[in-house]
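The block underneath contains the structure these notes are about, expressed in C-alpha cells.
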Amino acid sequence: MNFFKCGILLAVAVSQGLAAETLFSNWTFKVAPGSKTGKLYIFSRGDVASGITEVTLKPTAHGITAEKSKQISVGDSMTAVHDGIFRDSWAERRRTPSATAGELGLVLPMYAADKSGSFQDPSGFFSVRSAERVVETPLDPPSFADDLDSAMIYASTGFAYDSASKSLWVARGAAGVTHYDISGGPNHPEATDYILNKKEAKLEKIPTGKHYSYKKSKNASILSVAVHPKTGDLWLATEKGLWVYDGKSAQSLKAIDTTKRVTGIWMGGKPFQIIAEVSKPEKDGVQGSLWRSTDGNKFKKVVFLDTTGKAQKKDVFANSSYTVSDIAFLGNKAFIAVSSTGGNESGYLLLDSAGIRAWETDEDDGSQWLNGFERGVTDRDVGITSITAFPLTSKIMGLAVSTYGNGISVSADSGATWTPILNRAKLSNNLGSIRMVPSVITEVGVQSLVSYKVDKPSKITIEVFSYDMRKVRKIVKDAPREADNSRSTYPKEDFWDGLDDHGRPCTMGIYYVRVKDNHGNVGWGKVMTMGGR
C-alpha cells in the first residue's frame, strides 16, 4: 500500500473570533476523553469550519463549568463526519467511530469531498495528538474500488487499539481491515491491509501492486472492530456474523448466526461485558437487535424491562428502528446512545445486568426507555450523536453526550443531572450585544438561539421584526431571567424557528430580533431565514 509515512500536520492557527468560542459550533458529532483528567475532546462542524476542541471542565455547586478551551481546525478540505450521516440507512455509517490509540491520541475517520462536492469520499483517519496538533493519515482505497457500488462501501466505520502491540486496527467495510503498526513510533508506521476470507477462515493479506478479486461468496465486509483486553484477540463485526482473530486464524463465533449482519462491537464495564449490534435495513425501517456476553462465548439477546422489571415480549430496539451511535461503560451499566432511522428520535438506553430499564410509564400505559430531552439530558429537543465516560476528577467519572444543535451535555452523577456546554463567548452587559446561533435558519425546524446577557435578574421580552420593521413574532413576554457571567439565555424558550405568530414560515430574508428588559435596556440581533423550504 502507498501511504504517507508521516501524516500531514494541519494548520493550528485559528482566528481570534473563533478562538474565543468554546466550540466550533453547537453541532457536535463526537465527544471523547481528553488528554488529561477533567478534559474532553469534542468534534464539531459549523457552516464555516470544523475541528476539535479540548475543553477543561470543573464541577461546581451549580453544575459543571467549562474553565477554558483549546481549538484546532481540520481545515475545509477534510472533515470527520460524512454528509450522509443522518440519512444513511446502514447502521455502521450512522455513527462517528473513534478510539484512544496510544501515541496517536484520539483517532477519528477522515472524509474528503467527492466529485459532487459532498464529503463522502473515505480518505483515512485523523489522529489528535494534542489540543495543538492534529495529523491527517491518508489510506489508499482498495485495489478493487472501481468494482464497488460507491466509495462509502469502504468507509472507516470502526477503530480498535492494541496497546500490547502498539497497533491500530481500522474497519473499512468492503476493504476489510487495515493494521496500522506504530511500534516503531507514530512517525514511522507500517500499514497492512487484510480482508476476511470466510471460506478459509482467515484474515487474508491484500497483495500490493496488483488487483485483488473481491467476491461476495468468499469475502465479507468488516464493519466494526474491538480488541479483547484480556486475550488480545481482534473481534470483527462483519456482514456475515461475528468473528475472532487470534493473530493466526479467524474463527466464526456461532453464538451469533453467521447470516446476521453484525454492525457494531463494544467492550468494557465492571464486570466486563461485550455488546454487539445486529442491524439490517428493511423496507419498513431497520430491523436490529442488541446482544450481550459476559464470557465471550455465549451471547443473549438484550431484553427491555418495564418500570416493574417485567421483560417485554416485543423487541423494542427493532420496533423503533434504532441504530447505535455510541456506547459508554460506567461500572456495571452501559449507556447506549441510539437514533432512529427515518425519524427524529434519539437519546440513550440504560442497560444494567438485567436488561434495558424503562424510566416511566406514559398515559397510554406504554413504557419510556429513551433518555433524552424529557429526562433533562439536553435542555432543547435536539438529536444526541455520541456518548462517552471520562474522568471528570480523580474521584468522579463523568458522562458526556454530543448533540446536533445544542453543544454537549455533561453529568457528574451517572446521568441523574446534566449541564449543557454551549458556544459561550462572553457577551456585553445589559443587552449590549445579541447573537443568533446559528445566524441563518436554513429550513423549517431549525432553531436559532437568541443569545444575550443581563447583569441582574430581569424580565425579558423578545420580538422579531421584518426588514421594514413590521413585527412578525413575539417569542416571550416578561419572562424572568437570571443574571449570568456569560449568557442569560433560556434555551427552551429563547429561540426563533423562522415562523410568524400564526405558525407560518416567514419569507426568505433578513430579520431583526429585539430583546428588552424591565430596566429600560434594549438589544438588537440579526438573523436570516431561507423561508419555508
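So for the stretch 88-97 (the condition being over 20 Å from Ile387 (Cβ atoms) and surrounded by 17 or more Cβ atoms within 10 Å (Cβ to Cβ)), does at least one residue qualify? Yes, the conditions are met somewhere in the stretch 88-97. Go over the candidates Gly509, Gly503, Gly498 one by one and state the one that is buried (at least 17 other Cβ atoms within 10 Å of the Cβ) and over 18 Å from Asn430 (Cα atoms). Among Gly509, Gly503, Gly498, only Gly498 is buried (at least 17 other Cβ atoms within 10 Å of the Cβ) and over 18 Å from Asn430 (Cα atoms). Taking the criterion of being of a type in the set (Val, Ile, Thr) and closer than 17 Å to His228 by Cα, the only residue of the stretch 291-315 that qualifies is Thr294. Does Ser394 satisfy the condition of being assigned to a loop (DSSP other than H, G, I, E, B), of a type outside the set (Asp, Glu) and in the same structural domain as Phe329 (by TED's automatic domain parsing)? Against the criterion (assigned to a loop (DSSP other than H, G, I, E, B), of a type outside the set (Asp, Glu) and in the same structural domain as Phe329 (by TED's automatic domain parsing)), Ser394 qualifies. Selection of strands (runs of 3 or more DSSP E) fully inside the stretch 277-389 by the criterion of at least 3 residues being surrounded by fewer than 22 Cβ atoms within 10 Å (Cβ to Cβ) and either in contact (Cβ under 8 Å) with a residue 24 or more places away in the chain or aliphatic (A, V, I, L, M) (or both) returns 285-293. Test Thr208 against the stated conditions and say whether it is among the β-branched types (Val, Ile, Thr) and out of contact with any strand residue (DSSP E or B) (no Cβ under 6 Å at 6 or more places or on another chain). Judged against the criteria, Thr208 is a match.
Within the option set Ala160, Ala201, Ala191, Ala175, being of a type outside the set (Ser, Thr, Tyr), in contact with a helix residue (DSSP H, G or I) (Cβ under 9 Å, 6 or more places away or on another chain) and in contact (Cβ under 8 Å) with a residue 24 or more places away in the chain holds for one residue only, Ala175. Selection of the stretch 150-185 for residues being surrounded by 20 or more Cβ atoms within 10 Å (Cβ to Cβ) and either in a loop (DSSP other than H, G, I, E, B) or outside the structural domain of Ala32 (by TED's automatic domain parsing) (or both) yields Ala155, Ser156, Thr157, Arg172, Ala174, Ala175, Gly176, Ile182. Filtered by the rule that a residue be closer than 17 Å to Asn406 by Cβ and either hydrophobic (A, V, I, L, M, F, W, C) or exposed (fewer than 12 other Cβ atoms within 10 Å of the Cβ) (or both), the stretch 476-495 gives Lys492, Phe495. Any residue that is part of a loop (DSSP other than H, G, I, E, B) and at pLDDT below 80 - is there at least one of those in the stretch 62-71? Yes, the conditions are met somewhere in the stretch 62-71.
Residue-wise test of (1) within 32 Å of the chain's Cα centre (by Cα); (2) closer than 30 Å to Leu330 by Cβ.
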position: Gly407; (1), (2): yes, yes
position: Gly415; (1), (2): yes, yes
position: Val440; (1), (2): yes, no
position: Ile475; (1), (2): yes, no
position: Asp478; (1), (2): no, no
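Quick one: in the stretch 38-64, of everything that is over 25 Å from Gly158 (Cα atoms) and touching a residue at least 40 places away in the same chain (Cβ under 8 Å), which residue is nearest to the chain's Cα centre (by Cα)? Among residues in the stretch 38-64 that are over 25 Å from Gly158 (Cα atoms) and touching a residue at least 40 places away in the same chain (Cβ under 8 Å), the one nearest to the chain's Cα centre (by Cα) is Asp47. The set of residues in the stretch 186-212 being in a loop (DSSP other than H, G, I, E, B), more than 23 Å from Ser165 (Cα to Cα) and within 32 Å of the chain's Cα centre (by Cα) consists of Lys198 alone. For the stretch 433-452, check the following and say yes or no: at least one residue is polar (S, T, N, Q), farther than 28 Å from Arg45 by Cβ and surrounded by 14 or more Cβ atoms within 10 Å (Cβ to Cβ). No.
The values are calculated or read from the model by the stated rules, or taken from the named source; none is laboratory data. What you see is a predicted model, and the numbers here were worked out from it, not measured in a lab. Note: ideal-geometry Cβ built from the backbone for every residue, glycine included; neighbour counts use all protein chains shown.
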